[in-house]
Amino acid sequence: MTIDSTALTQAPLAGPTPKSMLPKVGLRLPRSPKVIAGLALLAPFAVVAVIGRWISPYSPNATDPQHWVQHVLVPGTGPGTGITANYYPLPLPPSAEHWLGTTVFAQDVLSQVLTSTQATLFVGLIAAVIATVLSILFGVTAGYFGGNADEVLSLISNVFLAIPGLPLLIVLADYVPSAGSSILLVAFIIAVTAWAYSSRVLRAQTLSLRNRDFVEAARVTGEGRFRIILAEILPNLVPIVAASFLFTTLYAIYAYVAISFLGLGGSPTSSPPGLWNWGEMLREGFANNAIRGGWWWWWAPPGLCVALLGTGLALVNFGIDEFINPRLRVAGLTRKAAKKAGITSHATLGMTPVVGNRPAVPSLAARSQNVGDAVLEIHGLSVDYGYGDDAVHAVVDCDLVLRRGRVLGLAGESGSGKSTLALAAIRLLRSPAVITGGQVLFHSKPIGGDGPRGTIDMLASDKEELRSVRWSEISVVLQSSMNALNPVITIGAQFDDLLRVHRPKLSRSARVERSGELLDMVGINADRLRSYPHELSGGMRQRAMIAIALALEPQVMILDEPTTALDVVTQREILEELIGLRDRLGFAALFITHDLSLLVELADEIAVMYAGRLMERAPAASLFNAPRLPYTHGLIHCFPPMHGKRERMQGIPGSPPDLNDLPKGCAFHPRCAWAMEQCRHDVPQLAPVNGSAREVACWLHRGDAKVPAELARPDPGVAEVHA
Amino acid sequence: MSAVLRRLLVYFLAAWVAITVSFLLPRVVPGNPVAGAVARASQSGNCNAQCVIAVEEQLGFNVHTSLWDQYVQYMGNLAHGNLGQSWSENAPVSNLILSYLPWTLGLLVVSTTISFFGGTALGIWMAWRRGSWFEWVLPAATFFQALPYFFLALVLVLIFGQTGTMLKWFPSLFGYDIYVVDPGPNWPYITSVLSHAILPAATVVLSSIAGFILSMRNQMVTTMDEDFVLVAAAKGLPTRTVIWYAARNALLPVVSNFTIAISLVVAGQILVEIVFNYPGIGFHLFDALSKLDYSLVQGIFVVITLVVLGANLLADVAYVLIDPRARQAA
Ligand SMILES: Nc1ncnc2c1ncn2[C@@H]1O[C@H](COP(=O)(O)OP(=O)(O)OP(=O)(O)O)[C@@H](O)[C@H]1O
Ligand code: SF4
Ligand SMILES: [Mg+2]
């Protein structure tokens, strides 16, 4: 038996534990097949533990002389030993009278197994209760109070953890003479050797909870420590306590079985008599040559019982694990669903599966519009998370064209599908994402190096073809680029592996030199190549990521909120550097953000997304100064401008819709100040307004609806043209 | 306090606690071993007062001095590697343990190495091929992991062991063929030792590997969700490198939990040795227990603790080698 619980083996989970999940935590065990199978395995044992002694067909100690047929020589007696021969009855294999056969003492094995269940489970549960109480006392106190209390308590539990449990248990059980006859004492001794591990886990978790907002808040309002621990900390520890309780139960049962096997658990035939338990049955079988005799029916049932009980507990623990750590759940794409969809559900890292029929949309080139300068064309792209009825349609039928050397901004509230759209285009979405339709064409004209030329159909490419354009032609700065660097290798090594693969001709020293240059370009000292990510500040990590993204002089960079989580000054600096680099290096960028005021300074064109659809698309200045879509208008007014006078913020009432339950018609209508009857029924399509270069998906700009003044400001772009 | 010093303090204290426990137990728990030994001595003749003192001396229980003096003496002896005298073997405990230890360490090192590296590799592969048919290993591994070591040992003996009743492929008793070969650097002895190690090692590997598979798989699945792994794929690095990016990070929690894993493996191996009459410290612990040879029991307990602490120290070193953050804290 080894630890398998990630919940337990992991350092405090990084993910936030929203307070809202607190009240339900205890009851909401995921109804996964694993938990159900586990509970199904455990249930019979629980029942037998209670009623076992009454449903046993015989007394576990009773011998059945009627069925003695042959005899077995007691080892160490008989000819050659000087002791008069002594015989056991031959154990009987399973039969109608004895379903699981008999022991060498002609006792009924089934009755012994049934009777044994009680003591075995009892010791396991009692030991787990004691150990859990100890571990909460030690762990939570250490984690919450910190300082010297923590030092001392952690030291104690670490010391207990380092001492091997079973040997200590053996020694303790051996010296405490009455241990065998009192299972409470046995349970207590087991608990003493078992609490330290959970204590360590609980300490770590408490430590991380302690600094969460809601605990801070409670502290600020002057709640007592004891109350905070009871009301704020403990409820959050419930899943972990449950996991460690099950784990300790399992451990205690093993320990009890093991020491009973060693004869330290008290034998039913000793005085004072111990209780029947599975370990004792195994011991008797082993000691009486049941292996040599081939009398498997005697010792196999108790061993299998331990294994089945253990499997049951482990399965329930998996369920709790998946509850604590959602990443372990098979999200959306199960094997069955994947099979139905005709895709393999595995190895999708960097190979987002494409399903469904994708009508061959003629490319811009074929339609001979603005041919030359498109570098990335996205047509009718749709993306689902999951497959089948509960799929989330995160991106629906989106068209975008990124032009060579230009910046295309993609804006929208959180959850509108910006990242999904961008990453789907380069097939970097992870399971359960599935691309359900559309076409993505990359027109490659390498700037540096010797990448592939010509048009590449990204959704039809195989792994090798994708690999040939990845990073060297299209690079990405992920939204959370704080975590985009591998924490265990140096920054230099992360440049190096890239250059080694894509620029095999560069020598080692040339690679180092180039890496230094790149860092320099984003304003980081080249010495930092030798640093590990954790030694850099957040801003430096983002810059380093940008430098890595620039390393191969790509034609396209996808920048997904590259400056989130930074202070405004640093944001500015990084953005200015980016603009400068774009001008110098001439890459095209798809720039994602929810801050429109930032985009307007950066982008040539801006597209606005809402609930997975593109809703408005226009030249940057036009969109920003003269929005046509009510949603865009709201977006512009919910951020204070970066400079200039501060207007009163209006924002958008309500919150983004639940993709599982989208409003009918225009998804924005519940929040839209100008919603009309038509908006509740029909989905507006993206279409040009008044023949200009801009497109809007809004009924206000169709037919003869009256356009409100806010949405009919003169278009600066158009004005320019007229001037 | 630096991390290294802190770890060393923990190990030092753990060793001290183990030693002190094994010193105190026989002395403070009622029905002390001397009484037992005197009773045994009386069986073969009358044990007078002098004989009692002799027995006490032999066991290292000088009940006529204070507990503290005994403790000081006990620690002093330990410092000189003197763990007392085993009455059942009539030899110094330390010599006995030295002769048992190679068996245990050999078995432990070989089987833990196979199971750790094999299990980790399988876990990585399972996480990478998540959702494939290979997923069926999960319930199987769960079941295997739930089998008590000694039960699996019994099953293997029954099926494969020469003392079993079925295939009789491998020897399943003792550390080598004690009736046929002479211990020493000769070929028959070596092959005999190796063939006798097959079943015990297989038991330990089979019982412990499932745990390593499952924990590595879960850590790997969790790590593969990290952005830096996605970036590795986006960088167009070869699949091998992408897996390595994830695996090296996923390994960290697995290595840091080696403490518990190794304790459990050692515990399991003690029982496995008993089933196979394998001449390591686990089997002799059992033997000493049944003979009420307390000084041997204590000595073995102390040594097992030291072995586990040593393994922990190795795991700590490995951790520091793969995690730069730990390296700097050190
Ligand atoms: N793995 C997933 N499984 C199911 N739904 C998902 C998954 N990932 C994202 N989604 C859903 O898809 C929608 C779009 O997510 P996406 O990350 O693209 O939003 P975004 O516009 O980038 O938001 P943000 O500004 O917060 O980054 C969200 O509503 C989200 O809930
Ligand atoms: S279509 Fe209707 S609801 Fe949607 S944005 Fe336009 S006016 Fe508002
Ligand atoms: Mg996003």
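Each reported figure results from applying straightforward, stated rules to the coordinates on display, with no laboratory input. All figures in this text were calculated on a predicted structure; none of them were measured in a lab. Backbone-built Cβ (ideal geometry, glycine too); neighbour counts: all protein chains shown.
Quick rundown of the values:
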read-out	value
Rounded Å value of the spacing that divides the Cα centres of the range A:97-160 and the range A:186-239	21
Percentage relative contact order, the range B:146-257, counting C-alpha pairs under 8 Å, at least six apart	19
Cα centroid separation, the range A:30-50 to the range B:256-305 (Å)	34
Mean separation of Cα contacts under 8 Å (6+ apart) over length of the range A:374-603, as relative contact order %	25
Cα convex hull of the range A:374-603 - mean projected area over all directions, nm²	12.4
Space enclosed by the convex hull of the alpha-carbon atoms of the range B:191-330, per residue, Å³	139
Given charges at Cβ of Lys, Arg, Asp, Glu: the range A:374-603 dipole, positive-most of A:455, A:600, A:381	A:455
FRET efficiency, 1/(1 + (r/R0)^6) with R0 35 Å, evaluated for residue B:99 and residue A:105 via beta carbons	0.40
Dimensionless Rg ratio for the protein assembly as shown, taking C-alpha atoms and the 2.2 N^0.38 Å reference	1.14
Under 13 Å, Cβ to Cβ, from residue A:262 - net charge with Lys/Arg +1 and Asp/Glu -1	-4
Beta bridges per DSSP with both ends in the range A:374-603, % antiparallel, nearest 5	60
Rounded Å value of the spacing that divides the Cα centres of the range B:181-203 and the range A:463-502	51
Selected from B:65, B:191, B:20 as most flexible by GNM, with chain B as the system and alpha-carbon contacts under 10 Å	B:65
Fully extended contour minus Cα-Cα distance, from residue B:72 to residue B:190, at 0.36 nm per residue	38.2 nm
From the C-alpha gyration tensor of the range A:102-172, square roots of 5λ in Å	40, 15, 5
Percentage relative contact order, the range A:160-240, counting C-alpha pairs under 8 Å, at least six apart	25
Compactness of the range A:233-294 - radius of gyration and Dmax, Cα, Å	16.8, 56
Alpha carbon convex hull of the range A:82-237, projected area averaged over orientations, nm²	15.0
Dipole magnitude of the range A:549-625 about its Cα centre (Cβ charges: Lys, Arg +1; Asp, Glu -1), debye to nearest 20	240
Of B:162, B:8, B:51, farthest towards positive along the dipole that unit charges on Lys, Arg, Asp, Glu beta carbons give chain B	B:8
Cα-centre dipole for the protein assembly as shown with unit charges at Cβ (Lys and Arg positive, Asp and Glu negative), debye to 20	1140
Vicinal HN-Hα couplings computed from phi for the range A:199-206 (Karplus, 6.51 cos²θ - 1.76 cosθ + 1.60; Hz; Gly/Pro x)	4, 5, 5, 5, 4, 4, 5, 4
Lys/Arg +1, Asp/Glu -1 at C-beta; the protein assembly as shown dipole; positive extreme among B:322, A:192, B:110	B:322
The range B:126-185: Rg to Rh, with Rh as the Kirkwood radius over Cα pairs	1.23
Value of D in µm² per second that Stokes-Einstein yields for the range A:406-469, Kirkwood Rh from Cα pairs, at 25 °C (0.890 mPa s)	182
Base-10 log of normalised Debye intensity for chain B (one unit scatterer per alpha-carbon) at q = 0.06, 0.11 Å⁻¹	-0.29, -0.87
Only Lys, Arg (+1) and Asp, Glu (-1) charged, at Cβ; the range A:374-603 dipole about Cα centre in debye	860
